[in-house]
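Read through the structure below, which is laid out as structure tokens, and then see the notes.
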Amino acid sequence: MSKSPAVPKNRMLLSAFDMSTVVHQNPGMWTHPKDQTHRHTDLDYWIELAQLLERGGFDCLFLADVLGVYDVYGGSKDYAIKNAAQFPVCDPVMTISAMAAATKTLCFGSTCSLTYELPYAFARKMTTLDHLTKGRMAWNIVTSYQKSAAVNLGMNDQIPHDKRYDMADEFMEVCYKLWEYSWEDGAILRDVERGIYTDPKKIRDIGHKGKYFSVPGAHLASPSPQRTPFLFQAGASARGRKFAARHAEAIFLIGTNPEDMRPIVDLIRMEIAETGRDPRSVKILLMITTFVGKTEAEAQEKLEAVKKHGSVEAALTLFGGWTGVDLSTADLDAPLEQFQGDGVRAFSDILTRVDSELQWTPRKLAEWLCIGGMSAVASGTPSQVADEMERWMKVADVDGFNVARATAFETMTDFVDLLVPELRRRGLVPKTPLPPMSLRERFGGSAHLADDHYGSQYRDSADGHTGGSAVTFEVKPRKLGLLALMKAKPERAEEFRKWLTDCYDIAMSETGTVTWYGFQAGEFEFGIFDTFEHENGRQAHLHGGIVKALRAIAPEMLASPPDVRMVGVLATKSSTAVGAHAIPA
């Protein structure tokens with residue numbers, strides 16, 4: 001195996017986030033005079049975009065996809081059709097070969113839902129694309145969430161969430177067997193004298209017979225440069241994170257501020273480590289929308305133009321599809337907290353993190369969604385936007401960004417022409433373009449799956465350790481911890497101490513919390529340490545009363561944002577003689 005090209009460490013990974021549609025994460029922007037997304041059915045549009053991104057040193061172009069229409073809002077698909085809200089949408093895979101032919105270094109990732117694919121045929125499709133791109137291909141693994149997709153693809157209803165992931169585990173197992181095991185290295189001989197093109201002894205049937213799939217034969221296509229394409233994933237649920245920890249080589253996240261995102265990143269890296277993998281080998285990319293101008297005023301003008309063309313109806317149409325919550329009959333100016341349902345509650349918590357002082361309503365929610373969907377937003381001069389991106393990398397510990405467009409191609413043109421020179425000056429983006437290489441190498445690995453990746457076990461055996469049955473996750477119970485360190489403003493230290501003491505009663509009401517400690521480590525330094533038996537308890541605490549109260553008082557009482565860390569409890573000593581109690585007054 002040839003040595004992988006040298007790639008600078010600690011650089012900022014850049015992925016462009018797009019979709020073969022008019023409105024992706026930008027409701028209403030098709031009415032913007034500079035927007036060109038009506039050209040998304042023109043191959044030249046995609047070639048121009050790919051060449052622009054390559055000029056800007058982007059690592060890859062990541063293409064989203066859906067297989068259904070957003071029909072929750074108003075109980076009708078008409079709102080999505082009228083507002084071009086991810087409708088019409090074309091197959092993202094079809095444009096990749098042409099873009100690859102027009103570029104040398106840019107890599108490509110495509111979303112494909114395995115729920116509606118068969119692994120035998122799908123594996124060949126990905127192998128073919130990896131061949132044609134010279135190893136620059138990634139697959140974003142999704143299981144699909146739209147009922148409208150399920151019923152139009154031969155099902156009565158959507159497959160339950162966790163069952164989709166059970167099927168996905170076995171789907172991946174079949175693909176690994178086809179990609180990693182079925183063809184031995186050196187199987188293609190091209191021996192003219194003996195009349196042998198491929199050595200039959202080096203082609204192996206995989207003999208898979210599982211709960212959901214039966215694939216007895218061999219892979220149809222010869223091994224591509226990466227064998228297994230680079231694997232993206234974006235599962236946010238507990239089951240989705242477990243799946244990502246085992247399979248993903250890069251994970252996409254959404255978030256609005258780095259302080260809140262850091263515990264999530266820490267949790268993901270911990271879950272990756274629990275599978276036996278190097279947690280730093282899996283790259284984490286944050287979705288961001290940027291507005292860059294030569295001056296701060298110019299950037300603000302671009303942001304205001306996007307706000308002007310945003311569509312409340314289109315935004316709530318997308319929101320309905322993402323959450324299953326229909327706000328079509330809601331009073332647009334009523335407090336959002338009045339509406340019932342898990343989807344609204346989850347979003348209310350997200351919005352509180354965005355702006356805890358604002359009285360959020362459906363209208364304000366929609367207006368916020370018009371600026372890059374649920375992404376982080378950075379606006380200003382190249383230096384200001386670069387500062388914010390660096391802050392995200394330092395505070396949230398992300399490896400790079402999935403850059404969403406507000407308008408095509410203005411967002412990406414400004415990023416490349418205005419921001420990238422500043423990123424290169426800071427050493428975050430290589431000043432000299434990286435040479436052609438596989439996507440996996442570009443993200444810091446070797447051409448093939450790492451030895452600690454789950455799929456690598458199938459290189460020499462079709463059995464792996466699963467014996468052809470569907471993979472299930474069994475995480476042994478262990479105590480989990482959450483550590484938060486805080487520095488109070490000197491003049492508010494005593495007040496904060498009193499607040500922390502009073503939090504004891506709130507902590508005791510949280511059933512998932514096993515132990516809770518509020519402590520003072522210095523004159524102005526305080527902390528909270530909690531333990532939990534299971535991840536569900538920790539997640540409930542992160543969305544509970546103490547965290548919400550802390551978020552509300554932090555701007556006034558704390559000198560800097562809390563430093564929050566997910567921890568695993570390795571050893572404990574307990575004594576029945578010592579009871580839990582609050583900090584003495």
Largest-first ellipsoid semi-axes for the stretch 148-204, taking √(5λ) over the Cα gyration tensor eigenvalues, angstrom: 41, 14, 6
Helix 382-396 axis, angle to the chain major axis (alpha carbon atoms, nearest 10°): 80 degrees
Accessible area of K34 in the full protein assembly, 1.4 Å probe (Å², nearest 10): 120 Å²
Helix 312-323 axis, angle to the chain major axis (alpha carbon atoms, nearest 10°): 80 degrees
Simple Cβ-charge dipole of the chain, Lys/Arg +1 and Asp/Glu -1, about Cα centre, in debye nearest 20: 1360 debye
Mean Cα-pair separation over length for the stretch 480-568, i.e. relative contact order, pairs under 8 Å, 6 or more apart, %: 48 percent
Residue (of L419, L106, L267) at the positive-pole extreme of the chain, dipole from beta-carbon charges: L106
Heavy-atom SASA rank of E525, E535 (probe 1.4 Å, accessible area, largest first): E525, E535
The stretch 83-197: C-alpha pair distances exceeding 24 Å, %: 43 percent
Accessible surface, 1.4 Å probe, highest first, among residues Y212, Y120: Y120, Y212
Hz values of 3J(HN,Hα) by residue in the stretch 61-66 - Karplus curve (6.51, -1.76, 1.60), Gly and Pro given as x: 10, 9, 10, 7, 6, 9
With all protein chains modelled, accessible area of D460 [1.4 Å, Å²]: 140 Å²
DSSP-defined antiparallel bridges as percent of all bridges, the stretch 108-243, nearest 5: 35 percent
Accessible area per residue, Å², the chain with all protein chains present, probe 1.4 Å: 44 Å²
The chain - Cys residues lacking any other Cys C-beta under 4.7 Å: C90, C112, C175, C370, C503
Estimated translational D of the stretch 480-568 in µm²/s (Stokes, Kirkwood radius over Cα pairs; 10 °C; 1.306 mPa s): 122 µm²/s
Amide H contacts of Q36 (H built 1.01 Å from N, under 5 Å, at least 5 apart or other chain): A408, F409
Cross-link table K9/K394; K394/K498; K34/K431; K77/K125, entries beyond 20 Å C-alpha to C-alpha: K394/K498; K34/K431; K77/K125
Computed accessible area, Y73, all protein chains, 1.4 angstrom probe, square angstrom: 20 Å²
Within the accessible area of the chain (1.4 Å probe), percent carbon and sulfur: 53 percent
Long-range Cα-Cα pairs in the chain (distance over 43 Å), rounded percent: 23 percent
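The values are calculated or read from the model by the stated rules, or taken from the named source; none is laboratory data. Every value quoted in this text rests on a predicted model; they were computed, and no experiment measured them. Every residue, glycine among them, receives a Cβ derived from its backbone with ideal geometry; neighbour counts consider all protein chains shown. Side chains are part of the model used for accessible areas, which takes the heavy atoms of the whole protein and leaves out ligands, DNA and RNA. Shrake-Rupley method; radii C 1.70, N 1.55, O 1.52, S 1.80 Å.
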